[in-house]
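Engineer: Starting off with a structure, shown below.
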Amino acid sequence: MTTATQIKRLVIVEDQTAIREMLAEILRFDPSYKIVGECGDGKLACDMLLDLKPDVVVLDARLPGLSGVDILRRVAKQLKSTRIIIFSGYESPALVREMLEAGAHGFVEKTAGLIELKKGLESVANGGTYFGPGIAALLRNVVANNNPTTGTDLLTDREREILKLVAESHSTKEIALKLNISVKTVDNHRTNLMRKLNLHDVASLTRYALEIGLIDHRTQTW
């Protein structure tokens, strides 16, 4: 029998309302968890997690406001006892590495289904790690091919900000105004991040930002 001390306080962060409500409805019947928060916006989710300090989080990779990676980067160091599993409809080697480097404890692809998520959630909530079958295969392929790291761990916070804004089709002048810095400073940051990532045009930067979940493909019109 589950005792009160064993119940895990859970937050669900998912921007698709139907999926979020479905997850909440299913997990409410599981005595191992108590849902203490639900959110579909990245910035609001970041504040919610820091305020509630849950035991476990189900986190989507792509969200409006802040991406899942950005949320992890902001909260992981402050919430050292919080366990986080990614539940995403999009996965790539770069995105998975970004999530793990930022502090995620597991990653289940949405195509794997809810049963797989529940298995992963149980493992992560109890101190383990878990990867859905598609993610596990992807990681094996990365190791087998000795793929390099993404390079984004070399970027400063400002360079990540500028990468996101460039990928969202903001002009250099717009970025400068938005961040309250000079046009020359924006150009310098963009040159540095292109060098670090070995990418040499806006289209490549945009594809890369999409791949690691920094921006949402649903905001793109091309």
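The values are calculated or read from the model by the stated rules, or taken from the named source; none is laboratory data. Given the structure is predicted, the values throughout are model-derived calculations rather than measurements. Backbone-built Cβ (ideal geometry, glycine too); neighbour counts: all protein chains shown. Accessible surface is based on the protein model in full, side chains and every heavy atom, while ligands, DNA and RNA are left aside. Shrake-Rupley method; radii C 1.70, N 1.55, O 1.52, S 1.80 Å.
Engineer: Could you go through the stretch 115-132 and let me know if any residue there is of a type in the set (A, V, I, L, M), closer than 24 Å to residue 8 by Cα, surrounded by fewer than 18 Cβ atoms within 10 Å (Cβ to Cβ) and out of contact with any Phe, Trp or Tyr (no Cβ under 8 Å at 6 or more places or on another chain).
Structural biologist: Quick first cut of the stretch 115-132, residues of a type in the set (A, V, I, L, M) only: 115, 117, 121, 124-125.
Of the ones still in play, those that are also closer than 24 Å to residue 8 by Cα are 115, 117, 121, 124-125.
Within this subset, residues satisfying the condition of being surrounded by fewer than 18 Cβ atoms within 10 Å (Cβ to Cβ) are 115.
Now drop any that are not out of contact with any Phe, Trp or Tyr (no Cβ under 8 Å at 6 or more places or on another chain), which leaves 115.
Looking for residues that are of a type in the set (A, V, I, L, M), closer than 24 Å to residue 8 by Cα, surrounded by fewer than 18 Cβ atoms within 10 Å (Cβ to Cβ) and out of contact with any Phe, Trp or Tyr (no Cβ under 8 Å at 6 or more places or on another chain), one finds at least one in the stretch 115-132, hence yes.
Engineer: Looking only at residues in the stretch 6-51 that are hydroxyl-bearing (Ser, Thr, Tyr) and within 17 Å of residue 124 (Cα to Cα), which one is surrounded by the fewest Cβ atoms within 10 Å (Cβ to Cβ)?
Structural biologist: Ranking the qualifying residues of the stretch 6-51, first place goes to 32.
Engineer: Contact list please: Cβ distance under 6 Å, first residue in the stretch 103-118 and farther than 22 Å from residue 80 by Cβ, second residue among the β-branched types (Val, Ile, Thr) and open to solvent by less than 20 Å² (accessible area, probe 1.4 Å), pairs at least six apart or on different chains.
Structural biologist: Note: pairs meeting the criteria are 109/135; 116/108; 117/108.
Engineer: Under 6 Å between Cβ atoms, which residue pairs at least 6 apart in sequence (or on different chains) link something in the stretch 188-203 that is at pLDDT 85 or above with a partner that is surrounded by 16 or more Cβ atoms within 10 Å (Cβ to Cβ) and among the charged types (D, E, K, R)?
Structural biologist: Between residues of the stretch 188-203 that are at pLDDT 85 or above and residues that are surrounded by 16 or more Cβ atoms within 10 Å (Cβ to Cβ) and among the charged types (D, E, K, R), the close pairs are 189/159.
Engineer: Under the condition of being out of contact with any His (no Cβ under 9 Å at 6 or more places or on another chain) and among the acidic types (Asp, Glu), which residue from the stretch 154-171 is most open to solvent (accessible area, probe 1.4 Å)?
Structural biologist: Ranking the qualifying residues of the stretch 154-171, first place goes to 157.
Engineer: What's the total number of residues in the stretch 52-86 that are more than 27 Å from residue 162 (Cβ to Cβ) and open to solvent by less than 10 Å² (accessible area, probe 1.4 Å)?
Structural biologist: So the count comes out to 6.
Engineer: Here's a follow-up. Which numbered condition trips up residue 96, out of (1) at pLDDT 90 or above; (2) crowded, with 22+ Cβ neighbours inside 10 Å?
Structural biologist: All conditions are met except number (1).
Engineer: Looking at 26, 7, which is the one that is modelled with pLDDT under 95 and in contact with a Lys or Arg (Cβ under 6 Å, 6 or more places away or on another chain)?
Structural biologist: Exactly one residue qualifies, and that residue is 7.
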